[in-house]
Amino acid sequence: MYSVRLDKQKITPSKVLCVGRNYIEHIQELNNTMPEQMVVFNKPNTSITTTLSSFHQETLHYEAEICFLIKKGQYSAVGLGLDLTKRVLQSQLKAKGLPWERAKAFDGSAVLSRFVPLHGLDINKLQLELFINCVRVQCGGVNQMIYSPATILEELKSYTSLRDGDVVMTGTPQGVGEVHCGDLFLGRLKCGEQTLIEIEWLAQ
């Protein structure tokens, strides 16, 4: 089974729950319509990885996201993730009114950092930054989300069981784009001015 790390502990999620279209500017950059309700899709356990791939049947696009780890039905820890997307395939599926899973839920499509406990942190001050080859391409945080982390959790619990270790990905701000082999990604998760996680991924 594929796992994530919380401090020195290895945790195996049963699933990754993803929120789409949660930042207005990202909706606009992809020319999507504003959702009338929360857009949610799942990735399986086999999507979890620490390796950033640039290609899986087609060129992949990155989407940096604030991620939460579930314990006893609540958020217990926070991390940083990349939701990898087959954008061409996704566009084809959307045009036909078909589900996105083939473009979003493939093996290795959830690139996750380690997680750190939420204890003592203000969720409302969480924000992410993503740099590619030293150029900042994404920046966003909880205060820009259409659906807050608390609202997301309530909505997910209304229709599915959340197991200990499950990961929630909360959507991406504007600035998504193509992953190129050899690109150096630097992700930073902050709470206010405090840096919680800094991680590098080299695209393969």
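The values are calculated or read from the model by the stated rules, or taken from the named source; none is laboratory data. If you're wondering where the values come from, they're calculated on a predicted model, not measured in any experiment. When we count neighbours, we look across all protein chains shown, and the Cβ atoms used for this are built from the backbone with ideal geometry, even at glycine. These accessible areas exclude ligands, DNA and RNA; they are computed on the full protein's heavy atoms, side chains included. Shrake-Rupley method; radii C 1.70, N 1.55, O 1.52, S 1.80 Å.
Cα extents for the stretch 51-185 along the principal axes, largest to smallest and rounded to whole angstrom: 39, 37, 25. Take 119-131, 53-65 and order them by the average number of nearby Cβ atoms within 10 Å per residue, most first; the result is 53-65, 119-131.
In a DSSP loop and with at most 16 other Cβ atoms within 10 Å, the trypsin sites (Lys or Arg not before Pro) in the stretch 19-93 are LYS72. The GNM of the chain, with springs linking C-alpha atoms under 10 angstrom apart, assigns the highest mean-square fluctuation among VAL40, VAL168, VAL111 to VAL40. For the set CYS181, CYS139, CYS18, solvent exposure ranked by accessible area (probe 1.4 Å, protein chains only) runs largest to smallest as CYS181, CYS139, CYS18.
Could you tell me what percent of the DSSP beta bridges with both partners in the chain are antiparallel, to the nearest 5? In the chain, approximately 90 percent of DSSP beta bridges are antiparallel ones. Only one residue of PHE106, TYR2, ASN143 has its Cα farthest out toward the positive end of the dipole of the chain, where Lys and Arg carry +1 and Asp and Glu -1 on Cβ, and that residue is TYR2.
With R₀ set to 35 Å, the beta-carbon distance separating SER158 from SER91 gives a calculated FRET efficiency near 0.75. With the convex hull drawn around the C-alpha atoms of the stretch 91-160, the volume per residue stands at 191 Å³. A helix-only calculation puts the chain at -3500 deg cm²/dmol for mean residue ellipticity at 222 nm, using -39500 (n - 2.57) for each DSSP H run of at least four residues, averaged over all residues. Rounded to the nearest 0.05, what FRET efficiency is calculated for LYS72 and ARG136 with R0 set to 41 Å and r the Cβ-Cβ distance? So, using R0 = 41 Å, E works out to roughly 0.70. Our compactness index for the stretch 153-204, the C-alpha radius of gyration over the empirical 2.2 N^0.38 Å, is 1.57. Rolling a 1.4 angstrom probe over the protein heavy atoms with all chains in place gives the stretch 58-186 an accessible area of 43 Å² per residue. Between amide H atoms placed 1.01 Å from N, distances below 5 Å from GLY73 occur with no residue 5 or more places distant or on a separate chain. For LYS72, the lysines whose Cα comes closer than 18 Å to its Cα, not counting residues fewer than 8 places off in the same chain, are LYS10, LYS15, LYS157.
In this structure SER3 has an accessible area near 40 Å², from a 1.4 Å probe over the protein heavy atoms. Using the Karplus relation 6.51 cos²θ - 1.76 cosθ + 1.60 with θ = phi - 60°, the per-residue 3J(HN,Hα) values for the stretch 165-178 come to x, 4, 10, 10, 9, 9, x, 10, x, 5, x, 5, x, 7 Hz, with x marking Gly and Pro.
Charge dipole of the stretch 60-195 (Cα centre as origin; +1 on each Lys and Arg Cβ, -1 on each Asp and Glu Cβ, all else neutral): 180 debye, rounded to the nearest 20.
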